[in-house]
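Working notes, beginning with the structure itself.
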Amino acid sequence: MAIADAKSKGAVVGLVPTMGALHAGHVSLIDRARRECDFVVVSDFVNPTQFNNAEDLRTYPRTEEADCDKMSKAGVDVAFIPSVEEIYPEPDTRVFDLGAVAEVMEGAMRPGHFNGVAQIVSKLFALVEPDKAYFGEKDFQQIAVIRRMVELEGFKIDIVDCPILREADGLAMSSRNVRLDAAHRAIAPTIHKVLLSSVDYAKDHTVGETERYVTEAINATEGLETEYYQIVDALTMQAVDASAKPGDGMVGCVTVYCGGVRLIDNIKY
Ligand code: PAF
């Protein structure tokens, strides 16, 4: 109702989709939406269809009261906090033809994950009808998948990708960071340190060598275990020639297990 009212007055509507457990990274998305839009909607919904692991869904942090506080301090116009029944009154059986962009990396490791993301984001887009939607680059591949879904569904929505926000020690902000115990929280910043050092390393090495360098350097820290590190084309998410030099238009995406917590991060070359 409030959204329709704002639209009827010609307001530019911005949507920041989240799964709650809001941190400064989310607030930076909201701040950007505030600067660029007249009316800002934030959705706060832990979407079950994008979890391919029941334990991950069960333990996903839920901090609704603190989220509401942060949203109101950030000047959000509408906080949309639906129940699972509201979003999925019946099972969502839609299968999106997301193509190659969704088949690699997270798509390969988490079967069904991106289809679930496409389901919820398309529902939110249809409900809110925003002019712009804001996503963090920590989930770099997710943005490419959402662009593909937008193209498939014909949404006229500007997808705005926003830089990763980091803790002072370099760890990419993530709702999952609160699940790290003290010992693992202390070693987690190694991921970003290694990625940063790989930019220098890459100046005199190939993609294949740089991938090996990052994987070995992260795994050398006890408690960190790389699931994958891949340097890909930043638009298509496809692997680039291992003998090429890392450079413009390439991004290195990593997933690391840190004390049972799955962390992701990336770096542009
Ligand atoms: O990035 C996230 O938090 C989620 O994948 C999103 C986009 C809010 C969809 O549930």
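So here's what we get for this one:
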read-out	value
Helices (runs of 4 or more DSSP H) within the stretch 125-230 that include 1 or more residues surrounded by 19 or more Cβ atoms within 10 Å (Cβ to Cβ)	140-153, 190-201, 207-219
Of the criteria (1) closer than 18 Å to TYR269 by Cα; (2) touching a His at 6+ places or on another chain (Cβ under 8 Å); (3) within 16 Å of the ligand (Cβ to nearest atom), which one MET173 fails	(1)
Complete set of residues in the stretch 118-142 that are polar (S, T, N, Q) and more than 10 Å from the ligand (Cβ to nearest atom)	SER122, GLN141
Among the candidates ALA24, ALA66, ALA11, ALA74, residue that is surrounded by 19 or more Cβ atoms within 10 Å (Cβ to Cβ) and modelled with pLDDT of 95 or more	ALA74
Scope the stretch 31-60; condition aliphatic (A, V, I, L, M), buried (at least 22 other Cβ atoms within 10 Å of the Cβ) and outside any strand (DSSP E or B); matching residues	ALA33
Residues of the stretch 3-19 classified as more than 14 Å from the ligand (Cβ to nearest atom) and either closer than 12 Å to ILE159 by Cα or aliphatic (A, V, I, L, M) (or both), total	7
Check on LYS70, in a helix (DSSP H, G or I) and within 20 Å of the chain's Cα centre (by Cα)	yes
Selected residue [within 12 Å of the ligand (Cβ to nearest atom) and not aromatic (Phe, Trp, Tyr)] from VAL145, VAL178, VAL160, VAL150	VAL145
Of residues in the stretch 80-117 being within 16 Å of the ligand (Cβ to nearest atom), surrounded by fewer than 18 Cβ atoms within 10 Å (Cβ to Cβ) and among the aliphatic types (A, V, I, L, M), the one nearest to THR18 (Cα to Cα)	ILE81
Test: ASP38 is away from the ligand (no atom under 13 Å from the Cβ) and within 27 Å of LYS9 (Cα to Cα)	yes
Single unsatisfied condition, SER72 versus (1) in contact (Cβ under 8 Å) with a residue 24 or more places away in the chain; (2) away from the ligand (no atom under 15 Å from the Cβ); (3) not aliphatic (A, V, I, L, M)	(1)
Number of the condition not met by THR210 [criteria: (1) in contact (Cβ under 8 Å) with a residue 40 or more places away in the chain; (2) within 19 Å of GLY136 (Cβ to Cβ); (3) of a type in the set (Val, Ile, Thr)]	(2)
Filtered residues of the stretch 41-65 (kept if more than 10 Å from the ligand (Cβ to nearest atom), of a type in the set (A, V, I, L, M) and closer than 19 Å to HIS113 by Cβ)	ALA54, LEU57
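The values are calculated or read from the model by the stated rules, or taken from the named source; none is laboratory data. Please read all numbers here as calculations on a predicted model, not as lab measurements. Heads up, the Cβs are rebuilt from the backbone with ideal geometry, glycines too, and the neighbour counts pull from every protein chain shown.
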